[in-house]
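Working notes, structure below.
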Amino acid sequence: MDLFPSFDDEPSLNAYNRLFNALSLIPISHYLLALSILSAIFLYNFFEFHFLHDLLTGFRGSPVVLTHNHSSHIYNAVVSNCRILHGRYLATPWLSSPHFQTVFLNFFGNPPAFSYRRQLFHAADGGTMALDWLLSSDVSGGAFRMCNSISKDDTTPLVVIIPGLTSDSSSPYLKHVAFSMAKHGWNVVVSNHRGLGGVSITSDCFYNAGWTEDVRVVIDYLHDKYPKAPLFAIGTSIGANILVKYLGEDGEKVPVAGAVAICSPWDLLIGDRFICRRLVQKLYDRALTIGLQGYAKLHEPRYTRLANWEGIKKSRSIRDFDNFATCLVGKFETVDTYYRRCSSSSYVGNVSVPLLCISALDDPVCTREAIPWDECRANKNIVLATTKHGGHLAFFEGIMASRLWWVRAVGEFLAVLHSSPYMHVQKKIENPGSTLSLVTSIDQGPYVNVAEDGMVAAAGNEHASDNHIEDLTKLDKIHNGNGHKLVPETEQDEHETETKSVIEPSTVQVSKESKEDIKDAKSIDVISPLRRWLNQLCRQNSGSIWLLYCIAIATSWPLVGSALRLLFGKKKLRRYPNAGR
């Protein structure tokens, strides 16, 4: 008996013929409609749309979830008075997808129209960073106005913004937050990373995802320059990781009164695993890699000399780029080593500054899996605000997508913190001379040497007193949303009488007393490693160290005895000058 009848049998052929005849009677338009519906369902899930959910909930949005310590004064006295953080977030309906929000922010973004004024900050190693200023007086009345300068005694709050990976002050989201803070009466400065913002690389020292030295020296400079102005900091994406790591490294010593971290990656190792997990994340990985390669192309001579240029050109992921560039420049053994050492999650517990952290749970770049929930809850200085939607640095709201929710939330938080008694006050350092020798680079390593963008290495601070600022009269770069315009020094000299700088030119010089302190600090620094080694050796094996002491005394006694005899013999001769005559 044949259990599987042949398709050649007449009954089977008749059945299939009838089926095909029936299907052929269905109009082609119906097939196209069914295909469209299936494609829409696939794309709806692939791009993680939530429009239907918003529609069914009456476009009320999702509540903001606040994670904090129950005894936190920052929450009880500051965040509890923030209406926006205790409200709900509703994404722009036609951007109800984290991917659409993120892409729209980077390609359009609806940024406000204004221009910065630029200072050039010269670091100790010879590197150059652009400080782009927007003062409250520049945007007062809704129109841009040139102002004269900032007084040393000015008490207007000052906000330092740290951009994300390969971003500079012209990025739409940075222009949103800068304009909003200036509009509310605060002075704003965007501290561009090395090699970004149209400034050339001038040294072999570069920054990466954990490079905190540039942030440290810029904040210290601003605090010294304007000591009466409360200083706040905002970090975005990789800039948020750098900011949190810096706050954790320096603890009570930071001169920052309050800080905000937006869409931080927190744990770079988890983020690396996440960004290559799904197809849509791989698209982001590839897009970011192309951006890094484009930046590397701008500084090809240094990359060719200091990194694996052929490997950089062939990179297909951020991990490949870090392997051929970041690790070689930063002297990291492996890419995983770099990710572990530069992640800010391990520094959260040491943050001593009021810190608001904002993240979206549907962030397509920085996964929710890396958020240090327990560490944030254990630290009384930290409040973590998470939203169900928002994308990466986007959080568009309103029917026209003209505003970013997190910008409003940050402005309200900093305003309430500024009017409260809970702003952080820098802990005074008893012996400032000894701190000059401290090395605060990534993982306490030496200064690096390679040209890289938002994911490349570091360097030391042997000449920490040589940091200084060059004013706009040396190099004037005023840029807006239409691009960058670089004014040569010769042309600037011709128009010098017509243009006034926003920021006063200044140079941090070292006095004779400071130079002597630096020399003393360096001499102390030479002895301190040996002392730390001996102390560690004593703790590890106290019995063996006493044996070493005995051996040292026994072997050196002939020399010591000869020296003592010579010393006391000379004293005896001076006491009895006529002896022996």
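The values are calculated or read from the model by the stated rules, or taken from the named source; none is laboratory data. None of the values given here were measured: they were computed from a predicted structure. Here the Cβ positions follow ideal geometry from the backbone for every residue, glycine too, while neighbour counts run over all protein chains shown. Just so you know, the surface numbers come from the protein's heavy atoms only, side chains and all, with ligands and any DNA or RNA stripped out. Shrake-Rupley method; radii C 1.70, N 1.55, O 1.52, S 1.80 Å.
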Two pseudo-spin positions, 7 Å from Cα along C-beta at S402 and at A378, lie apart in nanometres by 4.6 nm
Computed ³J(HN,Hα) along the stretch 398-412: with the Karplus parameters 6.51/-1.76/1.60, θ = phi - 60°, integer Hz and x for glycine or proline, the list is x, 5, 9, 6, 9, 10, 10, 4, 5, 5, 5, 5, 5, x, 5
Note to self: C-alpha centroids of the stretch 243-314 and the stretch 16-63 sit apart, in Å, by 38 Å
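With 32 Å as the limit, write out which pairs from K152/K297; K152/K175; K152/K183; K253/K331; K228/K380; K245/K388 have Cα-Cα distances beyond it, or answer none. Present the calculation step by step, with values, prior to reporting the outcome.
Numbers: K152/K297 40 Å; K152/K175 26 Å; K152/K183 21 Å; K253/K331 28 Å; K228/K380 26 Å; K245/K388 26 Å.
K152/K297, as the Cα separations exceed 32 Å there.
Rolling a 1.4 angstrom probe over the protein heavy atoms, how many square angstrom per residue are accessible across the stretch 229-276? Mind dumping the intermediate values first?
Numbers: 790 Å² over 48 residues.
Normalised by residue count, the accessible surface of the stretch 229-276 is 17 Å².
Counting other Cβ atoms within 10 Å of each Cβ, which chymotrypsin sites (Phe, Trp or Tyr not before Pro) in the stretch 84-128 have at most 16 and sit in a DSSP loop? Don't jump to the answer; show the numbers that get you there.
Working: sites: Y89, W94, F100, F104, F107, F108, F114, Y116, F121; in loops: F108, F114, Y116.
Answer by residue number: F108.
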Phi-derived 3J(HN,Hα) across the stretch 67-78 with the Karplus relation (6.51, -1.76, 1.60, θ = phi - 60°), rounded Hz, x for Gly and Pro, is 10, 7, 7, 5, 9, 6, 5, 5, 6, 5, 9, 10
Ignoring ligands and nucleic acids, K331 exposes an accessible area, probe 1.4 Å, in Å² to the nearest 10, of 130 Å²
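At a 1.4 Å probe radius, carbon and sulfur cover how many percent of the accessible area of the stretch 44-143? Intermediate results must be reported in sequence, preceding the final value.
Numbers: 2640 of 4150 Å².
Here it works out to 64 percent.
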Expressed per residue, the solvent accessible area of the stretch 84-220 in Å² (1.4 Å probe) is about 29 Å²
Here the gain from full extension of N14 to S140, 0.36 nm per residue of separation minus their alpha-carbon distance, amounts to 37.1 nm
Once both label points are put 7 Å beyond Cα along the C-beta direction, the Q281-H184 separation in nm becomes 3.3 nm
Residues whose built amide H sits under 5 Å from the amide H of S115, excluding neighbours closer than 5 in sequence, are none
Expressed in square angstrom to the nearest 10, the accessible area of R305 with a 1.4 Å probe stands at 140 Å²
Label model pair D154, L38: point-to-point distance (7 angstrom along the Cα→beta-carbon line) in nm is 6.3 nm
